[in-house]
Amino acid sequence: MTLSYLDFERSEDTDGAVTLDAMASVPPAELPAVQAEIDAVLGWLRSRFGERQGPLDEGGAWDADVQQQADGPGRVMCTLTLALAADVAEALLAHCGID
């Protein structure tokens, strides 16, 4: 999967859980392309790990939060935050070609 808008920042906690955060600030005309990338990431997660979706602290292996808000005149900020078990994070990063 090639991502043009989403650039993930990775952080890990002491329990091995991984958080991937991506933000994209775009003009409204580019919003469908950003949403398509978000949908592609979430679709891949659902197809590979759908049965394991849920909050990590409740036994799930991945969870997602998507937000959109105004980001100044003529721009929209899209945010995708993923909380992932280590194996799910590694599989997703490999699928996206991210080191």
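Nothing in this text is a laboratory measurement; each read-out follows from the coordinates by a stated rule. The structure displayed is predicted, hence computed values, not measured ones. A quick note on method: Cβ atoms are made from the backbone with ideal geometry, for glycine too, and the neighbour counts reach across all protein chains shown.
General remarks:
- Helix-only CD estimate at 222 nm, as mean residue ellipticity for the chain, using -39500 (n - 2.57) per DSSP H run (n ≥ 4): -10000 deg cm²/dmol
- Relative to the longest principal axis of the Cα atoms of the chain, helix 86-96 runs at roughly 40 degrees.
- Volume per residue that the Cα convex hull of the chain spans, once the total is divided by residue count, Å³: 94
- Residues in region 69-87 reached by a label modelled at THR19 [backbone nitrogen below 16 Å; 7 Å Cα→Cβ]: 79-86
- Distance between modelled label sites at ASP57 and ASP39, nm, 7 Å Cα→Cβ extension: 3.2
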